[in-house]
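In what follows, a single structure is set out as structure tokens and then discussed.
The values are calculated or read from the model by the stated rules, or taken from the named source; none is laboratory data. On a predicted model such as this, the values are computed, not experimentally measured, just so you know. In this analysis, Cβ positions are derived from the backbone assuming ideal geometry, glycine residues included, and neighbour counts consider all displayed protein chains. Keep in mind that these areas ignore ligands, DNA and RNA; they rest on the heavy atoms of the full protein, side chains included. Shrake-Rupley method; radii C 1.70, N 1.55, O 1.52, S 1.80 Å.
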Amino acid sequence: MATNYSIDLKAGFPQCAFNSQTGQFEQTWVYIITQTGPTQGSEISDFEIQLCDNHEVLSVSKNGNVVPISDASTLNIKVFYPPNGNASCLFQSGQNIRVIKWEGLSNADVQPNTDPDVGQYDFTLAGCYEIGSINAAIKGGPDCDPRTIQGPTCTQTTPPTPRGIDFSNITDIDITE
């Protein structure tokens, strides 16, 4: 079993904000995986989080490298319904479980590391969701280490009220007196 790893929601996350380019609210979830001691058994190979059917994943990242969901396979990430227990540690017979899975990991992909982006795993959803207990797992070799973490529930929440003016998309401005 891949023990001695922690999965923590990064401080300040999730963040839900209006994206003026897409015209919708989007919520980003950032997790940090840390090796907390000597690996017992096989080192980490996969990281999985259970998603809801209504979660539309827009983008994903591994170690700070963000890509649209259409390019997730370039980072060995997939969102899918696992057909069996070999495909996912979160598979439950008779249930249609949806999973986001980061594959091909090693201890080089977790904290502690001199690069602060290493060990960071993100995904962005369309809409804003309540935070609650969800299923996750770390896999090491053939062994699964399932656990419960804080993540997006299936319940959408009211987006935050926009405050002020969003200047993030301004690229060129002339200031005159």
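Coordinate range of the alpha-carbon atoms in region 101-161 per principal axis, descending: 40, 28, 16 Å. What the phi angles of region 113-119 give under the Karplus curve with 6.51, -1.76 and 1.60, with θ = phi - 60°, is a coupling list of 7, 5, 8, x, 7, 5, x Hz, glycine and proline written as x. Using a probe of 1.4 angstrom and keeping all protein chains present, the accessible surface of the chain works out to 54 square angstrom per residue. The phi-based Karplus calculation (6.51 cos²θ - 1.76 cosθ + 1.60; θ = phi - 60°) puts the 3J(HN,Hα) values of region 88-103 at 7, 5, 8, 4, 10, 4, x, 10, 9, 8, 9, 9, 9, 9, 9, 10 Hz, whole numbers, x for Gly and Pro.
Compactness ratio for region 57-155: Cα radius of gyration over 2.2 N^0.38 Å (N = residue count) comes to 1.10. With every protein chain in place and a 1.4 angstrom probe, the accessible-area ranking of F47, F18, largest first, reads F18, F47. Putting +1 on Lys and Arg Cβ atoms and -1 on Asp and Glu Cβ atoms, find which of P159, I97, H55 reaches farthest to the positive end of the dipole of the chain. So the residue we want is I97. Each principal axis of the Cα cloud of the chain was taken in turn, and the coordinate range along them, longest first, works out to 67, 41, 27 Å.
The Rg/Rh ratio of region 17-84, with both radii computed over alpha carbons and Rh defined as the Kirkwood radius, is 1.02. No cysteine of the chain lacks a disulfide-compatible partner when judged by a Cβ distance under 4.7 Å. Largest to smallest in accessible area, the residues E103, E48, E130 fall in the order E130, E103, E48 (1.4 Å probe, all protein chains included).
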